[in-house]
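Step one of this worksheet: look at the structure below.
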Amino acid sequence: MVKPLRIERMSIFVIVWLGQLLSTLGSRLSNFAIDVWVYQRNGSVTELSFLIFFNTFPLIIISPLAGVLVDRWNRRWVMIISDTGTALSTLTIALLLISGQIQIWHICLATAVSSSFSAFQGPAYSAAITLLVPKKYLGRAAGMTEFAPAIGQLLSPLLGGILLEVIQLSGIIILDLSSFVFSIIILFLVRFPYHRATERQETNKPSLLREAVDSFHYLTACSGLMAILFFFASNNFMIGILQVLAYPLVLSFASPFQLGTILSVGGVGMVMGSILMASWGNGRRDYIKILLCFMLLNGFSLIIAGFSPSIILFNVAAFLFFLCYPFISGSAQVIFQKKIPINMQGKVFSFTNAICCSCFPLAYLIAGPLADQIFEPLMITNGPLAGTIGKLIGTGPGRGIGLIFIVSGTLTMLLTIIAYQYAPLRLVEDELPDAFD
């Protein structure tokens, strides 16, 4: 009876995954369109960075509490409520756009609300995967979950520019809202198996704060897992800076159409990476090696991106960068899913999200001044570095940002080499026992 049950649960996962795939595609499409719309209104990198900030900061603040509630509540209902809340904030933006009353602060506020609900939805989805997917197929499931943002990365630049002209931003947001409705309907139609914590009728539950603190203590006791988190947080600080500066760098030597092409090439790499991760990820025990190897390649791709104002080089860099992402993120997901007890995964996954994303807000806030006031002046035609580094990577607009990319890529590779020297991280899969069979 075990095998049919596992097949049934795997089928439920595939159905839920399809709903989340469409929802993610809709969100990626609307996010791309909103970013372009905000930037085109005033040409302000600062407004764009604030929008990105409000998409991240609430998630960091709310995640520890959200994780406790995810483990106490039915995870399917957490996903339903979270998707519904995000859909309502999306509907609000659509109505304001249609009425012509939309302001930047409206979008920032709606983005903050969506981010708050994401603090619940992400851990609930990750924890539900462990319930639905047999352990030997967690790698395949990780590849499938990474396929959703990959297809969004591929299609959103291609469709976003076209749809902005045809149905405008309000139409794109309505499409996003429709994708949420589809996902919610699927979640209403399926049933998840209950994890142990929801089956017990506990009468003396600890406080939310106590549970959050206990889950944090559980993480800190696992030095290998904590090392992975701090490794990700350090890398995310650099990625956060580059996330803000990528568009200005490309637009310093390319057209908006070419920018969309580069993003789509990155999407092709991400789709290929997710497919390969799904096909390779069955019953492996070397996910940490996969993670570190692709992190090295990730850093190398950043160096390529900053080295020259070349469309060809940047396409190569974008392809490699996004090819690495499913392997890095998916490998980390499988390691944590295997090592964390099922009835604690909501709490722990929320803390992992908070720790890994903790550096993003600071990165977003300093990215603009770092480029405009320090690196760009260094790389102007007669700047202090024009006669040295400028001879290698060129001078002029965008070359300071290019240097930031090169420095970030180099630091990423050095950080990865240092991380490999730390035994608890390198041996985390062997030294830390799996939490379930």
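The values are calculated or read from the model by the stated rules, or taken from the named source; none is laboratory data. Keep in mind it's a predicted model, so treat the numbers as computed, not measured. Note that each Cβ is placed from the backbone with ideal geometry, even for glycine, and that neighbours are counted across all protein chains shown.
Summary of values
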quantity: Residue identified as in a helix (DSSP H, G or I), farther than 30 Å from residue 117 by Cα and not hydroxyl-bearing (Ser, Thr, Tyr) among 344, 413; calculated: 413
quantity: Residue in segment 393-408 that is more than 30 Å from residue 130 (Cβ to Cβ), among the aromatic types (Phe, Trp, Tyr) and under 23 Å from the mean Cα position of the chain (by Cα) present; calculated: yes
quantity: Residue among 314, 294 that alone is modelled with pLDDT of 90 or more, buried (at least 21 other Cβ atoms within 10 Å of the Cβ) and either under 22 Å from residue 259 (Cα atoms) or of a type in the set (S, T, N, Q) (or both); calculated: 314
quantity: Condition check for residue 82: assigned to a helix (DSSP H, G or I) and either acidic (Asp, Glu) or modelled with pLDDT of 80 or more (or both); calculated: yes
quantity: Filter result for residue 263 (in contact with a Pro (Cβ under 8 Å, 6 or more places away or on another chain) and crowded, with 16+ Cβ neighbours inside 10 Å); calculated: yes
quantity: Yes/no for residue 435 being of a type in the set (A, V, I, L, M, F, W, C), outside any helix (DSSP H, G or I) and in contact with a Ser or Thr (Cβ under 6 Å, 6 or more places away or on another chain); calculated: no
quantity: Residues that are closer than 16 Å to residue 407 by Cβ and out of contact with any helix residue (DSSP H, G or I) (no Cβ under 6 Å at 6 or more places or on another chain), drawn from segment 352-368; calculated: 366
quantity: Members of segment 107-166 that are among the charged types (D, E, K, R) and not in a helix (DSSP H, G or I); calculated: none
quantity: Close pairs (7 angstrom Cβ cut-off, 6 or more residues apart or separate chains): farther than 23 Å from residue 129 by Cβ in segment 309-332, aromatic (Phe, Trp, Tyr) and surrounded by fewer than 21 Cβ atoms within 10 Å (Cβ to Cβ) anywhere; calculated: 309/253; 313/307
quantity: Condition met for residue 384 (in a loop (DSSP other than H, G, I, E, B) and either touching a residue at least 40 places away in the same chain (Cβ under 8 Å) or of a type outside the set (S, T, N, Q) (or both)); calculated: yes
quantity: Residue that is farthest from residue 396 (Cα to Cα), among those in segment 362-372 that are crowded, with 17+ Cβ neighbours inside 10 Å and not hydrophobic (A, V, I, L, M, F, W, C); calculated: 364
quantity: Residue within segment 255-278 that is in a helix (DSSP H, G or I), under 20 Å from the mean Cα position of the chain (by Cα), under 22 Å from residue 389 (Cα atoms) and polar (S, T, N, Q) present; calculated: no
quantity: Count of segment 140-174 residues which are hydrophobic (A, V, I, L, M, F, W, C), buried (at least 17 other Cβ atoms within 10 Å of the Cβ) and more than 30 Å from residue 290 (Cα to Cα); calculated: 7
quantity: Members of segment 390-410 that are in a loop (DSSP other than H, G, I, E, B) and more than 28 Å from residue 294 (Cβ to Cβ); calculated: 394, 395, 396, 397
quantity: Among the candidates 60, 102, residue that is part of a helix (DSSP H, G or I) and either β-branched (Val, Ile, Thr) or surrounded by fewer than 23 Cβ atoms within 10 Å (Cβ to Cβ) (or both); calculated: 60
quantity: When residues of segment 6-26 are limited to those that are of a type in the set (Ser, Thr, Tyr) and modelled with pLDDT under 85, the one surrounded by the most Cβ atoms within 10 Å (Cβ to Cβ); calculated: 24
quantity: From 375, 351, residue being free of Cβ contacts under 8 Å to residues at least 60 places away in the same chain and crowded, with 17+ Cβ neighbours inside 10 Å; calculated: 375
quantity: Within segment 160-174, tally of residues that are among the aliphatic types (A, V, I, L, M) and touching a helix residue (DSSP H, G or I) at 6+ places or on another chain (Cβ under 6 Å); calculated: 6
quantity: Test result for residue 112, closer than 23 Å to residue 326 by Cα and under 17 Å from the mean Cα position of the chain (by Cα); calculated: no
quantity: Matching entry among 209, 158, 169 (being in contact with a Phe, Trp or Tyr (Cβ under 8 Å, 6 or more places away or on another chain) and either at pLDDT below 70 or hydrophobic (A, V, I, L, M, F, W, C) (or both)); calculated: 169
quantity: Pair list, Cβ < 8 Å and 6+ apart or interchain, from segment 215-228 residues that are at negative phi and in contact (Cβ under 8 Å) with a residue 40 or more places away in the chain to residues that are surrounded by fewer than 16 Cβ atoms within 10 Å (Cβ to Cβ) and part of a helix (DSSP H, G or I); calculated: 223/424; 224/424; 224/431; 227/424
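Each row is one residue, and each column tells you yes or no for (1) more than 17 Å from residue 242 (Cα to Cα); (2) among the hydrophobic types (A, V, I, L, M, F, W, C).
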site	(1), (2)
299	no, no
305	no, yes
334	yes, yes
342	yes, yes
347	yes, no
355	yes, yes
